[in-house]
Amino acid sequence: MKEKMGSTTLVLGIESSCDETGVALYDTGRGLLGHALHSQVDMHAAYGGVVPELASRDHIRRVLPLTRSVLAAADVSARDIRAVAYTEGPGLAGALLVGAGVAQGLAFALGVPVLGVHHLEGHLLSPLLSDPAPAFPFVALLVSGGHTQLMHVRGVGQYELLGETVDDAAGEAFDKSAKLLGLGYPGGPALARLASLGTPGRFRLPRPKISSGDLDFSFSGLKTAVLTAVRGSEMTDSARADLAAEFQEAVVDVLTTKALGAAGRTHSRRVVIAGGVGANSRLREVLRSKAADAGIEVFYPQLSFCTDNGAMIAFAGAMRVAAMNPPGAFSVQPRWDLESLPPAA
Ligand code: KG4
Ligand code: ZN
């Protein structure tokens, strides 16, 4: 691990960009010392999606108790923290402000530097928390609720965008199709569960842009095709499961084809999947098998670090410890282009 002038640095990481409050401690010498998460899924489920104001208020309620419990479980005193990292963006502005404010307050009280982390950089680097960790360079398939991107990653902060969705993100397509199938929020995991009971092929859905020759994605037409199928046939339980399975297969086909296309184009031997959709077991299985055929190694974050979490923020912060700001300077960036990040020192 990276060390600062021969010594190790203990970083507290805080994630509050959407509907999960995550807190973690990462030590540049000893690795991840602890992490805790509170999911707001139950609270938002009643509304069928994330209610931003409720999310912000819940982050306020959770973030300090979670911080205390992570410190206690790791047997670490707050005074041992050498830097605080928080998710600066992209995300919900009010939710981001909670993490930013708490991180700034803690850093000021402890007299330590503070750093705003790009949420997607957190996802991108999260496979490095696993053992074995991928070596640079690698191709990263970033598949979250709001983003679907292929990146060529040469090092921390050295990111080249190879392709991205021109409309809906993969996670968004899962969530919207889940709704059409009568499943609640969060739709991705629910659709994946239903798909495991069905068989692809009974319904025929398109594989958008699979042969487009570029590395971009388009998922909005797939959601429309699901709507047409739902309206066009009697939706028995087995039909719903078969449609879910076909939808999942279509998304997995496109994601895996493009990810391996990106590896080919950049002559990469390693592919990494990160972000919430990376928790999808069919995606993991198909990518692993297609990649093995092509002699490419695939790396995933552990399941709990695919979806939003504090560990990836503490880790990304630790990788950028040298760039941390003194207490007093902070901002949030609800919209933030990943390619604008500077390389790490
Ligand atoms: O990375 P993430 O937790 O939050 C964002 O940064 O957006 O990703 C959330 C997305 C949601 O769209 C959710 O439905 C999807 O990831 N997701 C899944 C699965 N678990 C989460 N999609 C498909 N299969 C899953 N098992
Ligand atoms: Zn995320």
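Since every read-out is calculated from the coordinates, none of them should be taken as a lab result. All of these numbers come straight from a predicted model, not from anything done at the bench. So basically every Cβ, Gly included, is an ideal-geometry build from the backbone, and we count neighbours across all protein chains shown.
How many Lys pairs in the stretch 136-300 lie less than 16 angstrom apart by Cα atoms, where the lysines are 8 or more positions apart or on different chains?
5
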Exercise. Can you give me the pair-distance distribution of the stretch 1-151, C-alpha pairs, 10 Å bins, whole percents?
Worked result: 11, 38, 36, 15, 1, 0
For this session: For each of 112, 230, count neighbouring Cβ atoms within 10 Å of the residue's Cβ, then give the residues from fewest to most.
Result: 230, 112
Problem set entry | ³J(HN,Hα), Karplus 6.51/-1.76/1.60, whole Hz, each residue of the stretch 267-277, x for Gly, Pro | 6, 8, 9, 10, 10, 10, 10, 9, x, x, 5
Problem set entry | Rounded to whole Hz, the Karplus (6.51, -1.76, 1.60) HN-Hα couplings of the stretch 219-227, x for glycine and proline | 10, 6, x, 5, 4, 5, 5, 5, 4
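Once you have the alpha carbon radius of gyration of the stretch 136-300, what is it after dividing by 2.2 N^0.38 Å, with N set to its residue count?
1.01
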For this session: Would you compute the Debye intensity of the stretch 205-345 from its alpha-carbon atoms alone, equal scatterers and no solvent, and pass along log10 I(q)/I(0) at q = 0.12, 0.14 Å⁻¹ to two decimals?
Result: -0.69, -0.88
For this session: Report the local net charge at residue 23: Lys and Arg +1, Asp and Glu -1, summed over other residues whose C-beta lies under 10 Å from its C-beta.
Result: +1
Problem set entry | Quarter of Cα convex hull surface for the stretch 83-197, i.e. mean projection, nm² | 9.8 nm²
For this session: In Å and from the alpha-carbon atoms only, list the Rg and Dmax of the chain.
Result: 20.2, 66
Problem set entry | Net charge over other residues, Cβ less than 13 angstrom from the Cβ of residue 299 (K, R count +1; D, E count -1) | +2
Problem set entry | Residue-averaged 222 nm ellipticity for the chain, from DSSP H runs of 4+ at -39500 (n - 2.57), nearest 500 | -13000 deg cm²/dmol
Exercise. Tell me, 330, 136, 174 in order of fewest to most beta-carbon neighbours within 10 Å?
Worked result: 136, 330, 174
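For 228, 28, what ranking results if the residue with the fewest other Cβ atoms within 10 Å of its Cβ goes first? Before the final figure, lay out the partial values.
Working: 228 12, 28 20.
Exposure proxy ranking, most exposed first: 228, 28.
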Exercise. Top mean-square fluctuation among 105, 89, 116, Gaussian network model of the chain, C-alpha springs under 10 Å?
Worked result: 105
